[in-house]
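The values are calculated or read from the model by the stated rules, or taken from the named source; none is laboratory data. What you see is a predicted model; the values in this text were computed from it and never measured. Cβ placement follows ideal geometry from the backbone for every residue including glycine, while neighbour counts extend to all protein chains displayed.
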Amino acid sequence: MTIVGILGMVHDEEWQKKYKFPLSLVKELILEFKPDVICGEVHPDSWNLYLRDGNPKGIYEET
């Protein structure tokens, strides 16, 4: 049987603080789940910005 986990994200740093969902918690949850594969969503324009400038923040300054 294959187990699939879906982990929602809060991209805005202020919302991460407001809703107590920092990236460190996301890391903790991923390490606890121990997935074989992780797929992430990346807006195409954010990906192009990263490829062009190496900027790790996206087009909306998301993390």
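A few remarks follow.
- Considering the stretch 43-63, the residues that are surrounded by 12 or more Cβ atoms within 10 Å (Cβ to Cβ) and assigned to a loop (DSSP other than H, G, I, E, B) include one that is modelled with the lowest pLDDT, namely THR63.
- Here TYR60 does not qualify as without any contact (Cβ under 8 Å) to a residue 40 or more places away in the chain and farther than 30 Å from THR2 by Cα.
- Annotation: ASN48 fulfils all but one of (1) within 23 Å of GLU61 (Cβ to Cβ); (2) touching a Phe, Trp or Tyr at 6+ places or on another chain (Cβ under 8 Å); (3) not aromatic (Phe, Trp, Tyr); the unmet one is (2).
- Of all the residues in the stretch 2-29, those that are on the phi < 0 side of the Ramachandran plot and outside any helix (DSSP H, G or I) number 14.
- Some residue of the stretch 30-39 being surrounded by 10 or more Cβ atoms within 10 Å (Cβ to Cβ) and either in a loop (DSSP other than H, G, I, E, B) or in contact with a Lys or Arg (Cβ under 6 Å, 6 or more places away or on another chain) (or both): yes
- Checking each residue in the stretch 1-29 for being within 16 Å of GLU61 (Cβ to Cβ) and either under 14 Å from the mean Cα position of the chain (by Cα) or surrounded by 13 or more Cβ atoms within 10 Å (Cβ to Cβ) (or both) picks out MET9, VAL10, HIS11, ASP12, GLU13, TRP15, GLN16, LEU23.
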